[in-house]
Amino acid sequence: MNFNLKSIIPEHIAELIPYASARDELQGEGSVFLDANELPQPLPDMPGNVNRYPVEQPKLLREKLAAVKGVEPESVFLGNGSDEIIDMMMRCFCRPGKDQVMVFPPTFGMYGVRARVNNLEVITADLDEEFYVKPREALSKLSTGTRLMFICHPNNPTGNVQKTETIRELLTHFKGIVVVDEAYIDFCPDQSVLPLLKEYPNLAVLQTFSKAYGLAGARIGVAYASPEIISVLEKISFPYNLGTPAIRLAEKALNSHAIYRMNVESIRASRDQLADIIASLPLTIKVYPSHANFLLVKVADADVLYRHLARSGVIVRNRSKEPGCQGCLRITTGTAEENQLMIQAWKSFGTTKLLQRDGTGSVTGPKQQSKHEMKQNTSDSQKAREATIQRSTAETSITVRIRLDGRGYANISTGIPFYDHMLEQIARHGMMDLEVDARGDLEVDPHHTMEDTAISLGMAFRQALGDKKGIDRYGFELPMDDSRAKVLIDLGGRSFLKWDVPFSGSAIGNVPATLFQHFFRSFADAAKCNLHVEASGEDDHHKVEAVFKAFSRALKMAVARNHSDIMPSTKERL
Ligand SMILES: *Cc1c(COP(=O)(O)O)cnc(C)c1O
């Protein structure tokens, strides 16, 4: 071991006098804070204390993480996402225009990008065909100014982990810092190299709240390293790199251990099932084994499949231009429902292509059908869940066509623009296809048209659901500006409406306010469902819209197929 931290700290960093914030200079116990030019009073309806600057490197969160990970709090640094820490490592230990960093393609693109931003040369040492680091070759490519090595473990986009011996070998012979990016380690915690921290002063481990902890939007990354390395990060850090809400959320996530474990377990199980299914799909050449929450899949025609999936609304990552990843897509494990949509979209590609190929109409995949496919073909989960209802009364004539497993397509015409807009929400937010053509006695009033449309919609819905296999009770709550709405739905067979939506005006978008309750009652009756609707807020328009959106989301959840024959449902895992 010949690592000397001082020797890799650039002069301008070693000599840097860090910015001292107001709170840094605080002495004694204050209760009147007139030192930081903040707004003195908190804002209403905002997280507490956001009028104040956050605490720098918050002690509680650091201590919690230290305890969970079995390290000292001085070995923990919190970043604005691990992206920030990747960049900071370069600014701490590399001289722009002079030094180099080493990366192992195919890998996370951020390392190369931040290196170029910091005017650092990128030395690459390609992974072998199974995506393992070749340590000898890597060490032989080092140059005197190589300060950092970035090892992604599990690797993005390949999903594999590196051998501990390899990482040890690099740590032993490299005179710079080995940064091991463990963004996905939550999915394979026993592979973490954190225990090596005690042995190697030139190891830095990056982890994040963005993946398994479900806080990608909060931007919280963590570095674990020797207190000496951490103190250099602290020296150059923006004083308030983490916002108070993010800090709170991270603390909360750490306390929700049961949910975290359940999520990790369920993603791992879905990932493995997804891997089996994808292996049997047409065009698949290889599904690489994964330790993370995504799969790298080599397919016969990656660009074309990628575009086909995107046209179906399913976005995956096309990695086919990455070295060693020719023909590869990276697919994140989604919910059971999302995975199923992806599989369906993929299959529709295979079918059209293959039909064209042999011209006979018989679908022959390049591989034998797997157990999974046979099962799906014989189960009713492949039946299209759609219905068309045509109803005419003295006052109205209505056609409703619905497809439950749709893409949010809507074609609505009732003659009442505001009502059209609300029905469109059902399609869009419920991810159903919906066509409504209603002609009613609008010259009298919108009452009959709305009521009869709701009845037809409820009937169509019920018919499309068929035997209700895999259906349960669900609910959804959402805010919309000043308003919030909650809708609970039970498709168990009895009609009931509980309505708690006070309106301040008598009409909304030219529709009498009372008709909305009427709409949901008619729907509940016709669909034979139990519906609870609550909303509060000031603006009637927002309230109604929030109700329709929450209703759509609740419907979407309620009709989601229970893929027990293919995928675990979240419910079964609870
Ligand atoms: C997602 C990801 C991260 C996380 O970055 P954050 O800035 O913490 O969101 C880091 N490294 C890799 C390899 C990733 O894939």
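Taken together, the values in this text are just the output of simple stated rules run on the coordinates, not laboratory data. It should be emphasised that the depicted structure is a prediction, and the values quoted were computed from it without experimental measurement. Note that each Cβ is placed from the backbone with ideal geometry, even for glycine, and that neighbours are counted across all protein chains shown.
Using the Cα gyration tensor of the chain, with a ≥ b ≥ c the square roots of its eigenvalues, what is the shape: rounded (a/c below 1.5), prolate (a/b larger than b/c) or oblate (neither)?
Note, shape of the chain comes out oblate.
Once the Cβ-Cβ distance between Asp276 and Val68 is put in as r, and R0 is 30 Å, what FRET efficiency do you end up with, to the nearest 0.05?
Calculated value: 0.35.
Only sites in a loop by DSSP and with at most 13 other Cβ atoms within 10 Å count here; which GluC sites (Glu not before Pro) in the stretch 435-465 make the cut?
For GluC sites (Glu not before Pro) across the stretch 435-465 that sit outside H, G, I, E and B with at most 13 neighbouring Cβ atoms in 10 Å, the list reads Glu443.
Using a simple spin-label model with points 7 Å from Cα along the Cα→Cβ vector, what separation in nm is obtained for Glu129 and Met262?
4.4 nm
Give the cysteines in the chain for which no other Cys Cβ lies under 4.7 Å away, or write none if there are none.
Among the cysteines of the chain, those whose Cβ sits 4.7 Å or more from every other are Cys92, Cys94, Cys152, Cys188, Cys529.
If amide hydrogens are placed 1.01 Å from N in the peptide plane, which non-local residues have theirs closer than 5 Å to the one on Phe294?
The list, which skips near neighbours in sequence, is Thr333.
Can you give the charge dipole size of the stretch 64-213 about its Cα centre, rounded to the nearest 20 debye, using +1 on the beta carbon of Lys and Arg and -1 on the beta carbon of Asp and Glu?
Roughly 460 debye for the stretch 64-213.
Highest mean first, what order results for 224-237, 162-175, 9-22 on Cβ atoms within 10 Å?
224-237, 162-175, 9-22
Starting from 0.36 nm per residue, how many nanometres of slack lie between Ser312 and Asn411 once their C-alpha separation is accounted for?
Details: separation 99, 0.36 × 99 = 35.64 nm, distance 1.83 nm.
Gain on stretching Ser312 to Asn411: 33.8 nm.
At what distance in nm do the modelled label points of Arg473 and Glu121 sit from each other, each positioned 7 Å from its Cα along Cα→Cβ?
My value for the distance between the label points is 6.7 nm.
Between Glu251 and Glu199, what is 0.36 nm times their sequence separation minus the Cα-Cα distance? Round to one decimal in nm.
15.8 nm is the gain from fully extending Glu251 to Glu199.
List every residue whose amide H lies under 5 Å from the amide H of Ala507, counting only residues 5 or more places away in sequence or on a different chain, with H placed 1.01 Å from N in the peptide plane.
Ala513
Using the Cα centre of the chain as the reference point, and only Cβ charges (+1 on K/R, -1 on D/E), how large is the resulting charge dipole? Debye, rounded to the nearest 20.
Values: 67 positive and 71 negative charges, 366 e Å.
Using Cβ point charges on Lys, Arg, Asp and Glu, the chain gives about 1760 debye.
Please find the FRET efficiency linking Asp303 to Phe33, where r is the Cβ-Cβ separation and R0 is fixed at 51 Å, and quote it to the nearest 0.05.
Numbers: r = 57 Å, r/R0 = 1.12.
Once the sixth-power term is evaluated, E becomes 0.35.
Distance in nm between label sites at Asp45 and Leu60, each 7 Å beyond Cα in the beta-carbon direction?
2.6 nm
Using only the Cα atoms, work out Rg/Rh for the stretch 86-210, with Rh taken as the Kirkwood radius, to two decimals.
0.92
Under 8 Å for C-alpha pairs, at least 6 residues apart: give me the relative contact order for the chain, rounded to a whole percent. Show your work: numbers first, answer last.
Working: 1092 pairs, mean separation 57.5, N = 574.
That works out to 10 percent.
Please report the antiparallel percentage of the DSSP beta bridges confined to the chain, to the nearest 5.
Antiparallel bridges: around 65 percent, rounded to the nearest 5.
At 0.36 nm per residue, and after removing the present C-alpha to C-alpha distance, how many nm does the segment from Asp24 to Asp190 gain when stretched out fully? Please list the in-between numbers first.
Numbers: separation 166, 0.36 × 166 = 59.76 nm, distance 3.84 nm.
Working it through step by step, the gained length comes to 55.9 nm.
Radius of gyration and Dmax for the stretch 407-462's Cα atoms, expressed in Å?
My reading of the Cα-based Rg and Dmax gives 11.0, 35 Å.
Local charge sum around Asp87 (other residues, Cβ-Cβ under 12 Å, Lys/Arg +1, Asp/Glu -1)?
Combined, the nearby Lys, Arg, Asp and Glu give +1.
Which shape class, rounded, prolate or oblate, goes with the stretch 6-148 when its Cα gyration tensor gives a ≥ b ≥ c as root eigenvalues, a/c under 1.5 marks rounded, and past that a/b bigger than b/c marks prolate?
prolate
What FRET efficiency, computed as 1/(1 + (r/R0)^6) with R0 = 41 Å and r the Cβ-Cβ distance, is obtained for Arg52 and Lys286, rounded to the nearest 0.05?
0.15
Are any of the pairs Lys286/Lys347; Lys198/Lys235; Lys175/Lys211; Lys64/Lys235; Lys528/Lys556; Lys59/Lys198 more than 28 Å apart by Cα-Cα distance, and if so, which?
Details: Lys286/Lys347 16 Å; Lys198/Lys235 23 Å; Lys175/Lys211 31 Å; Lys64/Lys235 22 Å; Lys528/Lys556 16 Å; Lys59/Lys198 22 Å.
Checking Cα-Cα distances, Lys175/Lys211 exceed 28 Å.
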